[in-house]
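The structure under discussion appears below in the form of structure tokens.
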Amino acid sequence: MGCTKCCPSEKAICFLFIAIAGPVAVTLININTISCLSSMELIFWLYSFVLSNQVNFKNKKMENKTITPTETVKIMFAAFGAGKMDELKKTLSEDTVWVYHSTDEIPYNGTYVGKDEVLKFIGNIITHVDIEGFQTNHFFENGNRVVVLGSEKQRIKKNGELLEQDWVQSFIVENGLITRLDEYANTSHAAQLFSK
């Protein structure tokens, strides 16, 4: 196992390396090669080995990191606020269902199924109102359900009326993707303003 070139101190470092690095390191380099390294070479090799495995371990942890349902919803809101619809779509399941519970007087009332329909829902809102304010105030998580309380200020384009209201959005998040949204607001007041 040894090499006659190695002094006792170098051999001691060699066996210390094997004890620390373990059998994985032995498979990476021939044992005779290890035992013939100088003390400084061996220390450098050991440092490189440990550093490399630390990086791999950190990367593995990041790959395995799962985000909470609340984090998924917050990512969606951030994409919405930035106008990044492609990023918003990444937070949705393919068969996601969004329901705005309202009356027909409100032009974006209805049920929207699928990612493209969700973008249509958002487009309907932007077509009919100018968003002057939009705020998420509180997030509540219970299992895969996230309830968000918020408020908004909208200027109705056809008549200039200002709609200010609080709203409640209830999300279902499964496997890191939003599968359902139900939104509720003071639709009676909104319907009156849209009817003017």
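The values are calculated or read from the model by the stated rules, or taken from the named source; none is laboratory data. Since the model is a prediction, treat every value here as computed from it, not as a measurement. Cβ coordinates were reconstructed from backbone atoms using ideal geometry, including for glycine residues, and neighbour counts include every protein chain displayed.
Of all residues being small (Gly, Ala, Ser) and not in a strand (DSSP E or B) in the stretch 157-195, which is surrounded by the most Cβ atoms within 10 Å (Cβ to Cβ)? Just the residue, please. Among them, the one singled out is ALA190. Where strands (runs of 3 or more DSSP E) fall entirely within the stretch 74-152, those with at least 1 residues that are in contact with a strand residue (DSSP E or B) (Cβ under 9 Å, 6 or more places away or on another chain) and in contact (Cβ under 8 Å) with a residue 24 or more places away in the chain are at 92-100, 129-142.
Looking only at the stretch 56-73, which residues are modelled with pLDDT under 95, among the hydrophobic types (A, V, I, L, M, F, W, C) and outside any loop (DSSP other than H, G, I, E, B)? Within the stretch 56-73, PHE57, MET62 qualify. Check the stretch 89-97 and report whether any residue there is touching a Phe, Trp or Tyr at 6+ places or on another chain (Cβ under 9 Å) and loosely packed, with under 15 Cβ neighbours inside 10 Å. No, the stretch 89-97 contains no residue that is touching a Phe, Trp or Tyr at 6+ places or on another chain (Cβ under 9 Å) and loosely packed, with under 15 Cβ neighbours inside 10 Å.
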